[in-house]
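None of the figures in this text is laboratory data; all of them are computed from the coordinates on show. Since the structure is predicted, the reported quantities are computational estimates derived from the model, not experimental observations. Glycine also receives a Cβ, built like all others from the backbone with ideal geometry; neighbour counts cover every protein chain displayed.
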Amino acid sequence: MSSLEISLYAVGSLTLACGLLAMGVRNLVHALLWFGLSLMGTAVLFAQLGASFLAGMQILLYVGGVVMLLIFGVMLTREHEHLGAVREVNHRIRAAVVSLVLFAALVMAILHTPGLDQAPGLASQATAGVTLDQLAVALLGPYGIAFEVLSLLLLATMVGAIVLARKRDPGEPTGRKPIGRQNLGKQRIEGLASPIIALPAAAASVAAIATVQAPTVAVQAQAPQTTEPAVSEHESPAEQPTDDTTDAPVDVAAAVALSAQGDQP
Amino acid sequence: MTAILLISSALFCAGVYGLLSQRHAVGVLIAIELMINAANLLLVGFGWRTGGAFGQSFALFTMAIAVAEVVVGLALILLMYRSRGDVQVDQATELAQ
Amino acid sequence: MNPLISAALVALGLPAALALLLAVVPKLRRTGKPAALLSILGSLLALSAAGWLAATWLHDPKQVLDLTTSWLPQSGKSMSQVGVHLDGISVSMLLVVAIVASCVQLFSLGYLSDEPAPALGRYYAYQSLFLFSMNLLVLAPDLMQLFLGWELVGATSYLLIGFWFTRPAAGKAALKAFVVTKFADSGLILALITLVAWTGSFSWNATLPAGGAEWLALFLFIAVMGKSAQFPLHIWLPDAMQGPTPVSALLHAATMVAAGVYLIVRADPIFAAAPHVRLFMTDLGAITALFAALIAMVQTDIKKVLAYSTCSQLGYMISGLGAGSLMGGYFHLTTHAFFKALLFLAAGAVIHAVHSNELSDMGGLWRKLKFTTVAFVIGSLSLAGLPGLSGFYSKDLILEAVHESGNPLALGLLMATAGLTAFYMTRTVVKAFFGKPSHAAEHAHGPGPSMTIPLLILLVPAIGLGWLAGPMSKLYGRSYAFHLDTIGMVTIALGLGGIALGWLIYGMGLLQALPRAFAPIARIANGSTVDDLWALSYSKLGMGLARAIAWFDRYIIDGLMNFLGWLFMWSGQRVRTLQTGNVQDYLYAVFGAAALIALWGGWR
Amino acid sequence: MSHLLSIIIAAPFVAALLLLPCRSTDRLLMRWISLLGSLVSLTGSLIVAWRYDIKAGGLQMAELYPLVPSLGIDIRLAVDGWGVSLLLLTGIIITTGVLASWTLKDREKEFFALLLILVAGVFGVFVCQDLFVFFLFYEIAVLPMYLLIAIWGSSNKVADAGPFRFIWKLFDIGGREYAAMKLTLMLLVGSAFILVAVIALYQAAGAHTFDMGVLGAFKYDASLQKWIFPLVWLGFGTLAGVFPFHTWSPDGHASAPTAVSMLHAGVLMKLGAFGVIRIGMMMLPEGAHAWVWAVGLIAAINVLYGALSAMAQKDLKYIIAYSSVSHMGVVMLGAATLTQGGWNGAVYQMFAHGIMTGLFFALVGLVYERAHTREVGKMGGFAQAMPIVAAFFTLGCLSSLGLPGTAGFVAEFLVFAGAWSGPHLWWALPAVAGAFITAIYVLRVTRDVFWGPGPSEQFHDLLDARKTELGALWILGTCIVLFGLWPRLLLDYIDPATTQNLAMATQTAQLTPTPATAVAAQAPPPVAPPAATAAVAHAAAGGGR
């Protein structure tokens, strides 16, 4: 066993211990702190594997961003105070059994796979690590499309998160609109309007992605124009389904109208 | 390499355990993150073994996606809290209706 | 085309056309009288055609004419022929039918004069249909067409019995008549399909496999038992008297019920090869004759007396045919057709006069209805077998034949019946026409010309047809000369004795102990016993089985189908509970399954 | 190439399409469109009958339109003598059905459109010579029934009893949705069987065509035939009301509106019997020979069982519905005899029973519309208020019990004769007995409903048949008498076709003793492995629906 392996095992078991604690403790804030530690352990592992940039990003994004966000989430929902974060004992035992079986299966698979530890042809180069230059070239070169898609995804996430978490105005109607004949006609037109707006936007995005060379700016410039006004003017789409789930039998006409309504981004 | 695989799968299984045993929605989110981490570790590990930038590039992507996911997840948790008054995963059984 | 065949086609087609016309032109039918006159005209034309044919055949009895066309093709060949088949038998029968039918149609005009016009039109549409069906039967070139006519006369009988359909009893009687005869007709269907399976055609002259004739004859005879009201399938005939009296005269005395006899005459080649069935026929006919005569003795309804008498006489015919005497059976059919039609029509005139069927409502009618009385008495005497009248000759023929066939039992029964017949007819005559008039009889009114003319016409053959036995026997290629032997004399003595006894008891009021002594016998023999048995077997056995099957179908077979549906829904409900809606439960499934699959993979 | 057959199929379809833009207030227009559509088909059928060359025989007026050439699916249309008679039947029934539902007042557009689509499917089945399209048309004919019954139907109460009483809590037994659902589900289960059989035949022949002529000429492996035939029999038999899969029929027919009952009992059930003969017996002769004892036995049960069940019913429509079960038993019995007479009789019975039951359901619909009850016990003396209806009902009864001079007789007699000359003599006995029992119950119904003293006071608005209804009754009544008095009108078409078809059904049976080598030489490429068959079946199911 090489020294690298030993250190990997050491750091890894620490990381694992932190993760287990994060999953096990009853206090959610404590769990989050243990989780943060576990993330740091992973960062160390990254560093050991020659991915120092990634280790940095891990700490920045995860420990700095995600854990903080989650702590905010816990604070916002004020649930941690009077209830434990974990379920009853029998549930935990069941969960443990399932995960242990899964683990056993994985270990079996790993141990039965030959040649994992034999030095590969590129091993020497690999252990030398990947430079930041190489990474940058890879990201903007061969993986350019993925990069672009990711940027779109982030944008969508942003919009989605805003829409979802936006607090409703007190004057805004909560239920779905009563569907009269007049309303139905109007809603149909509105329902038609939203795809008319959305479709070109989607088409443009796809076109932009398809051409790798296309400047990122163009995509970003186009998308907000089409989606943002809709968001600010209409009800949030995600609220609609939650309303639907409460009353089971929905008239077909009403359902059509609703989906038309829901189409409005 | 075996070490990385073992550590990664152990972390992943810890995540699975958390996913199944957590009651609080945020706890579930943590468990998912832990599993993503395990996957990330695997990506980096294989990238380290074969060389080249692909492992790290994809780990980076995954990270970004994970962050995005946390954001959406949190927004959903907020919404859930607003509409139901709690964030108990085991109480949310609307799917059955 | 041969003019003779054209004449037959007229006799066949004209009533059919008229029936169709009256059926599809409601305006014409609803006029009543004109429709009736049209129908009568049709029957008269048919009669003249039949008369001409009969005259021709009297001249040359050996002549046979056929005109047929394919009716049922099978495998490119013709399985069945329809058309007309003219020979001595069919022509003479055609004439009998035409005479009686014309008389009855004419008589009905007066008898049903109180009916509303649409009902009258309907009646004559049925009458025309009947004439067509009967002629179809009579002129049949093979068994198939005979069956067509056979069933069609059954249907018209059903329609005519139920003519007064607002009376529940009429509806019931019509239904009963149809169902009972239909039951028996299953035998004819069996005979037909057997015949076609063996010979490929429906001809009654085809060569049959050895022993096959017995089966065929048996099947045919089952149908005859139904149609010709033989014990124990006679039960429908008395009920059929619910129809208008002229209908009873035509269908249920003269022609339709005699179709069974006609069938046996036609299918003689088959019956001739079936000695066992013939023996059975002789005995059953004799039993029916006596049985029905016994019942007739105690009937209080004049039409019922005549109905049971018809049963009894049909028993004679069957017995005679069973004894191998075609001539006897067929000749009795002919004479019986006339005198029984005469009796029924005369009874109809009486009923028309007193508005009741009951003998107790009559009495002393001879003062008011002189001609009717004469007609009825002559008919009765003919039926009773008084020498010189037509009934005597035909009955004598049958008795001789039965005697020759060496069947003393049947002969005894038939002789006894001869005495009984004279007795109950005397009883009826005395009760209805002599003695003290009842209230209704006081106000009776005589029949109009449309009713007397048919009686007059029918009187002629009822009296004198016996003298035509000689020419008729030529139809069978035999010579016949009347001779009086022991049997005949005994019969005459029995008949006269019956008449005398009847007169003593009912006319002079003597020997009252005798009817009282008869009472228990009559009670046992009373028609309702057999009737009740049939009714019981229908309501208990048939309906019971039907109800059980219907229940079984609804609650077991269909229940199983429903259960299957329920099972699917139930298991769906059970499986549905797996969907708790809890995401973590689903995750258990996902990861558990993943773990198990991985383990399984590792194991291998 | 004449387009007569495609016109016959397309006319109702086009009429249904033309109905769509109509406003729901244009009642008369919609009725006339439907009537015209069906009249075009009827006229087309008459022209087909006129132009069909009886002497030449065989399939005539062939049309061919490629549909999916890669799979060998074409729309192949042609008629033989059977097709001619069944086309005529369908044309008559749809025309009279439209006439009989002239006074319908509830969503006529949808009703007539569905009815016409359905009948287009029926026409298609009778003239189609491509197995796949045959199945397609079959499904078109079966599916609209659900809506037609569930929306326009009527319900009746069924008392709960028996070992399965607990089900009453779950289903509305006797209700129209229940009846419609039961009918649809049972028939669809049946078509699943058929689909398997269709795919198996296609695969086994390996000719890459669904042409029924090609598939029919192919000598399938005997063991294959022996397991496909029951599938075909049960699949189509469900629609033909084969015991014990007949239970959809009484409820379905009782719940269905007039025209739908007419069409369903009059024509659709015949599709089932036609399918058993056309696919089962003609394409799988050895399978048929191996199973014919069961087919005949069940058919004999059907005849008696249906008749006895009908005897105990108290609901007018149920009586007629059960009589259909009984009469379809006669059809199946005739088919099972595998004799000329039996097959002639089976096809003739399809026609005769179609007309007769159409007449019955039209009349029962009329009575129900006027009297607002179907319970026989409550009625009585209707003849005085509705003499025409009474007269036609009596005519229908007489045909139903097989009275000579009506179409029912010819059919039943041919079947009896066929059975009696076939290998299983005794089959004729239950058939004859069934005819007798039929006489009892139909005549009793006539008496109970129409005869006796005048109707009680609750029936104050009993109107006799009106114009269009009268037209329908006259057409059907005339057919009954016409085809009863002169059976050659149809038999001249049916008989030669039977000879040819019967030859198909008996050819391989004679070839059974062929040496094994010869069979092997002819043998099809090995049947596709079950998995592949299933996959194809699945794909086709997805495509077919």
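Net charge near residue C:324, counting Lys/Arg +1 and Asp/Glu -1 over other residues with Cβ under 11 Å of its Cβ? All intermediate terms of the calculation are to be shown ahead of the outcome.
Working: positive: C:278; negative: C:268, C:404.
Around residue C:324, the charge tally is -1.
Counting only helical runs of four or more DSSP H residues, what would the 222 nm mean residue ellipticity of the protein assembly as shown come to if each run contributes -39,500 (n - 2.57) and the total is spread over all its residues?
On the way: 64 runs with 1073 residues, N = 1511.
About -24000 deg cm²/dmol.
Compute the long axis of helix D:4-19 from its Cα atoms, compare it with the longest principal axis of the Cα atoms of chain D, and write down the angle in degrees, 0 to 90, nearest 10.
50
Just rank D:80, B:86, fewest to most, by other beta-carbon atoms within 10 angstrom. The partial results should precede the final answer.
Numbers: D:80 22, B:86 15.
Going from sparsest to densest Cβ surroundings: B:86, D:80.
Give me the number: length gained by fully extending residue A:111 to residue A:158, i.e. 0.36 nm times residue separation minus the C-alpha to C-alpha distance, one decimal in nm.
So the extension gain works out to 12.7 nm.
Once both labels are modelled 7 Å past Cα along the beta-carbon direction, what's the residue C:69-residue A:97 spacing in nm?
8.9
If you line up the long axis of helix C:513-525 against the longest principal axis of chain C, both from Cα atoms, how many degrees apart are they, to the nearest 10?
Long axis of C:513-525 versus the principal axis of chain C: about 30 degrees.
Under a point spin-label approximation (7 Å from Cα along Cα-to-Cβ), what is the residue C:272-residue D:504 distance to one decimal in nm?
Reported label-point gap for residue C:272 and residue D:504 is 4.9 nm.
Hey, got the dipole for chain D? About the Cα centre, +1 on K and R Cβ, -1 on D and E Cβ, debye to the nearest 20? Don't skip to the end; give the middle numbers.
On the way: 29 positive and 28 negative charges, 115 e Å.
So the magnitude is around 560 debye.
Along the positive direction of the dipole of the protein assembly as shown (beta-carbon charges: Lys, Arg +1; Asp, Glu -1; about the Cα centre), which of C:7, D:104, D:43 reaches farthest?
The listed residue farthest towards the positive side: C:7.
Can you list the lysines whose alpha carbon sits under 28 Å from that of residue D:55, skipping same-chain ones fewer than 8 residues off?
Filter leaves C:77, D:270.
First check a/c for segment B:2-89, with a ≥ b ≥ c the square roots of the eigenvalues of its C-alpha gyration tensor; if it is under 1.5, answer rounded, and if not, answer prolate when a/b is larger than b/c or oblate otherwise. Spell out each step's value before the answer.
Values: a/c = 7.35, a/b = 1.89, b/c = 3.88.
Oblate, since a/c reaches 1.5 and b/c is not below a/b.
Determine the dipole magnitude for chain C: charges of +1 sit on the beta-carbon of Lys and Arg, -1 on that of Asp and Glu, nothing else is charged, the reference point is the Cα centre, and the result goes in debye to the nearest 20. Could the numbers behind the result be given before it?
On the way: 34 positive and 25 negative charges, 228 e Å.
My answer is approximately 1100 debye.
Helix C:33-59: angle to the longest alpha-carbon principal axis of chain C, degrees 0 to 90, nearest 10?
That helix lies at roughly 70 degrees to the long axis.
What order do you get for C:195, C:67 when you list them from fewest to most C-beta neighbours inside 10 Å? Provide the component values of the computation, followed by the final result.
Numbers: C:195 27, C:67 19.
Lowest to highest Cβ neighbour count: C:67, C:195.
Going by a ≥ b ≥ c, the root eigenvalues of the Cα gyration tensor, does segment C:1-141 fall in the rounded group (a/c under 1.5), the prolate group (a/b larger than b/c) or the oblate group? Working shown, then result.
Details: a/c = 2.90, a/b = 1.55, b/c = 1.88.
It comes out oblate by the Cα gyration axes.
So how do C:345-352, C:292-299 stack up, highest first, on mean other-Cβ count within 10 Å? The partial results should precede the final answer.
Details: C:345-352: 28.0, C:292-299: 24.9.
The most tightly packed comes first, giving C:345-352, C:292-299.
For chain C, what does the relative contact order come out to in percent, with C-alpha contacts under 8 Å and a separation of six or more? Before the final figure, lay out each step's value.
Details: 1001 pairs, mean separation 72.0, N = 604.
This gives 12 percent for chain C.
Over chain D, calculate the relative contact order: mean separation of alpha carbon pairs under 8 Å at least 6 apart, over the residue count, as a percent.
Working: 1010 pairs, mean separation 87.3, N = 545.
Here the relative contact order equals 16 percent.
Within a 10 angstrom radius of the beta carbon, how do C:563, B:61 rank from fewest other beta carbons to most? Each step should come with its number before you reach the end.
On the way: C:563 16, B:61 19.
Ranking C:563, B:61 by Cβ neighbours within 10 Å, fewest first, gives C:563, B:61.
Which one of C:333, C:244, C:495 is farthest out on the positive end of the charge dipole of chain C, using unit charges on Cβ (Lys, Arg +1; Asp, Glu -1) and the Cα centre as origin?
Working it through, the farthest residue towards the positive pole turns out to be C:244.
Would you mind classifying segment D:1-107 by shape? Square roots of the alpha carbon gyration tensor eigenvalues, ordered a ≥ b ≥ c; an a/c under 1.5 is rounded, otherwise it is prolate if a/b is larger than b/c and oblate if not.
Values: a/c = 3.10, a/b = 1.62, b/c = 1.91.
Because a/c hits 1.5 or more and a/b fails to exceed b/c, segment D:1-107 counts as oblate.
Of C:172/D:378; D:105/D:169; C:33/C:431; C:27/C:368; C:27/D:317; C:304/D:317, which ones are farther than 29 Å apart at the Cα?
Details: C:172/D:378 17 Å; D:105/D:169 33 Å; C:33/C:431 35 Å; C:27/C:368 39 Å; C:27/D:317 32 Å; C:304/D:317 39 Å.
As for pairs spanning more than 29 Å Cα to Cα, those are D:105/D:169; C:33/C:431; C:27/C:368; C:27/D:317; C:304/D:317.
I need the phi-derived Karplus couplings for segment C:115-123: 6.51 cos²θ - 1.76 cosθ + 1.60, θ = phi - 60°, integer Hz, Gly and Pro marked x.
5, x, 4, x, 5, 4, x, 4, 4
Rounding to the nearest 20 debye, state how big the charge dipole of the protein assembly as shown is about its Cα centre with +1 on each Lys and Arg Cβ and -1 on each Asp and Glu Cβ. Don't skip to the answer; put the middle values down first.
Details: 80 positive and 77 negative charges, 701 e Å.
Value, rounded to 20: 3360 debye.
Specify which residue in the list A:153, A:96, D:140 is farthest towards the positive end of the charge dipole of the protein assembly as shown, using unit charges on the beta carbon of Lys, Arg (+1) and Asp, Glu (-1), about the Cα centre.
Final value for the positive-end residue is D:140.
What does the net charge come to around residue C:488 if you take all other residues with beta carbon closer than 12 Å to its beta carbon, with K and R at +1 and D and E at -1? Walk me through the numbers on the way to the answer.
Numbers: positive: C:395; negative: C:396, C:400, C:485.
Taking every Cβ under 12 Å from that of residue C:488, the sum is -2.
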